[in-house]
Amino acid sequence: MAVQLDPQLLDILACPSDDHAALRPGTPDDPDADALTCTSCGRQYPVTDGIPVLLLDEATRPESQTANE
């Protein structure tokens, strides 16, 4: 199921990492995933019960970045 967030809220949400880039619904592999993806670093933040969990510890890094670290 796709993320259902108020468009105004989605406009102001940003990645909590240092770049503070905008977030987009879904993931690159699954646009209907219950997650938000950073447009800069690619971290994926889960959306649980309609609430975005914007904690770096809860984020999933893209596979390409994980392999390099």
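The values are calculated or read from the model by the stated rules, or taken from the named source; none is laboratory data. Computed from a prediction, not measured in an experiment: that's the story for all the values here. A quick note on method: Cβ atoms are made from the backbone with ideal geometry, for glycine too, and the neighbour counts reach across all protein chains shown. Each accessible area value is taken on the protein alone, full model and side chains, heavy atoms only, with ligands, DNA and RNA left out. Shrake-Rupley method; radii C 1.70, N 1.55, O 1.52, S 1.80 Å.
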Considering only residues of the stretch 55-69 that are charged (D, E, K, R) and in contact (Cβ under 8 Å) with a residue 12 or more places away in the chain, which is least open to solvent (accessible area, probe 1.4 Å)? 61
Name the pairs whose Cβ atoms lie under 6 Å apart, with the first residue in the stretch 18-39 and farther than 16 Å from residue 60 by Cβ, the second open to solvent by 20 Å² or more (accessible area, probe 1.4 Å) and not in a loop (DSSP other than H, G, I, E, B), and 6 or more positions between them or separate chains? 20/14
One residue from 52, 28, 7 being open to solvent by less than 50 Å² (accessible area, probe 1.4 Å) and not hydrophobic (A, V, I, L, M, F, W, C): 52
Residues located in the stretch 11-20, provided they are open to solvent by less than 100 Å² (accessible area, probe 1.4 Å) and modelled with pLDDT of 90 or more: 13, 14, 15, 16, 17
Looking at the stretch 40-49, which of its residues are exposed (fewer than 13 other Cβ atoms within 10 Å of the Cβ) and out of contact with any Asp or Glu (no Cβ under 8 Å at 6 or more places or on another chain)? 49
